[in-house]
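Notes follow the structure.
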Amino acid sequence: MSLLSVPLTPDLEKVIKQMINDGVASNKAELARKAIEKLAEDHAVQVVLDAEKELALGRGLSGDLDELAKKL
């Protein structure tokens, strides 16, 4: 497991302390891990939504997957 050191503004430090006090996480490290996991999940959902939007606009790829892979 790696260690990440991140400078925080006083406002972010207050938010972190409040979230820990509210029981969202037991410590700063757990809160940071949860936040990163949530951000990654949100990003994955957004990628799918963007792809669906592209398909709805007719911008999707069509044809043989092997042939498309060669073009890419």
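The values are calculated or read from the model by the stated rules, or taken from the named source; none is laboratory data. Bear in mind the structure is a predicted one, so any value in this text is a computation, not a measurement. To get the accessible areas, we keep the full protein, side chains included, count just its heavy atoms, and leave off ligands, DNA and RNA. Shrake-Rupley method; radii C 1.70, N 1.55, O 1.52, S 1.80 Å.
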Quiz item: What are the residues in region 1-21 that are open to solvent by less than 90 Å² (accessible area, probe 1.4 Å) and among the polar types (S, T, N, Q), if any?
Solution: Thr9
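Test Val24 against the criterion of being modelled with pLDDT of 95 or more, open to solvent by less than 100 Å² (accessible area, probe 1.4 Å) and not in a helix (DSSP H, G or I), and give yes or no.
Values: modelled with pLDDT of 95 or more: yes; open to solvent by less than 100 Å² (accessible area, probe 1.4 Å): yes; not in a helix (DSSP H, G or I): yes.
For Val24, the condition - modelled with pLDDT of 95 or more, open to solvent by less than 100 Å² (accessible area, probe 1.4 Å) and not in a helix (DSSP H, G or I) - is met.
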Quiz item: Residues in region 48-56: is at least one among the hydrophobic types (A, V, I, L, M, F, W, C), part of a loop (DSSP other than H, G, I, E, B), open to solvent by 100 Å² or more (accessible area, probe 1.4 Å) and modelled with pLDDT under 95?
Solution: no
